[in-house]
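Asker: Have a look at the structure that comes next, please.
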Amino acid sequence: MERRSGVYRGARGLLLVIMGFISVQSIDIRMDQAVYGIVGESAKLWCGFSSRDPTSEFITVDWSYRPRDGGPTVTILHFQSKPYPTSVGAFKDRVTWEGNVGHGDASITLEDLKLTDNGTFSCVVRNPPDVHGNVPQMKLTVTLESLTFKFNTAILLSSLVFIPSALVSIILLIRMKKAIKRDRIRGQKLKKSPIEESQDCVYDENTNAPLHRSSSLEKRPGCLMRLCQRCVDEEDDDDYRGDTKGLL
């Protein structure tokens, strides 16, 4: 009987340990992996959490910072019923509580960003009995100009180079096409028709066939005109011969 009672107590204790372990490990904390900011402006560092137990006045939040180049980790804000931002160091008067623990929000805002703010931030939430959980980290990158502005500037500069080049190329192609078309038209015009070629030939007085092209600078009647004139002369000769035979 005592042995059975001891086994029962041992099983009950193990169950309580398991339930307690599950309870203390149930809190879940979430953060943005990366945040970007501009010098002189502000950046919101978001931190959300969820717990199986309802939040109480004993819930605490701790924000810490570790420089990118290495160095000690410092606490920049502690929350318990109300926020307690750091009053010393580089983040003095620059950390503002933006969270609402009742809604699972433990966010803060970092004012007047500086290049020295580049580093890793972490948010730890404890909601007793949920006092343990994951500890996510967030990397803050502060730049002199917005990355979006740099990207837009690169696009603008590329456009200023590419668009004029494209327009010049299109204009050159159009002009080349017109020049080729104009040369073809000139070539067709330079090619003379048979009638035009006949106007340049010179007929021999004794034959009816053209012998050679005129090399004289003096403008002469065209071949067709001379051919017609020869036909008229031949008709006149025939008429004259007919008249002569009639008289005889």
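The values are calculated or read from the model by the stated rules, or taken from the named source; none is laboratory data. From a predicted model like this one, the values you see are computed outputs, not experimental measurements. For neighbour counting, all protein chains shown are included, and Cβ atoms are generated from backbone atoms with ideal geometry for every residue, glycine included. Ligands, DNA and RNA are stripped out before the accessible areas are found, and what is left, the full protein with its side chains, is counted by its heavy atoms. Shrake-Rupley method; radii C 1.70, N 1.55, O 1.52, S 1.80 Å.
Asker: Name the residues in region 56-77 that are open to solvent by less than 60 Å² (accessible area, probe 1.4 Å), part of a strand (DSSP E or B) and of a type outside the set (D, E, K, R), would you?
Answerer: Once the filter is applied, which keeps residues that are open to solvent by less than 60 Å² (accessible area, probe 1.4 Å), part of a strand (DSSP E or B) and of a type outside the set (D, E, K, R), region 56-77 yields THR60, VAL61, TRP63, SER64, TYR65, PRO67, ILE76, LEU77.
Asker: Here's a follow-up. Somewhere in region 34-55, is a residue surrounded by 13 or more Cβ atoms within 10 Å (Cβ to Cβ), at pLDDT below 50, on the phi < 0 side of the Ramachandran plot and not in a loop (DSSP other than H, G, I, E, B)?
Answerer: The answer is no; no qualifying residue exists.
Asker: In addition: I'm told HIS132 meets every condition in (1) under 14 Å from SER26 (Cα atoms); (2) open to solvent by less than 30 Å² (accessible area, probe 1.4 Å) except one. Can you identify the failing condition by its number?
Answerer: The number of the failed condition is (2).
Asker: Check every one of the strands (runs of 3 or more DSSP E) wholly within region 85-144 and list those with 2 or more residues that are under 17 Å from CYS47 (Cβ atoms) and in contact with a Gly (Cβ under 9 Å, 6 or more places away or on another chain).
Answerer: Of the strands (runs of 3 or more DSSP E) lying wholly inside region 85-144, those with at least 2 residues that are under 17 Å from CYS47 (Cβ atoms) and in contact with a Gly (Cβ under 9 Å, 6 or more places away or on another chain) span 108-110, 119-126, 137-143.
Asker: So how many residues does region 90-124 have that are closer than 23 Å to PRO67 by Cβ, crowded, with 16+ Cβ neighbours inside 10 Å and not hydroxyl-bearing (Ser, Thr, Tyr)?
Answerer: Residues in region 90-124 being closer than 23 Å to PRO67 by Cβ, crowded, with 16+ Cβ neighbours inside 10 Å and not hydroxyl-bearing (Ser, Thr, Tyr): 14 in total.
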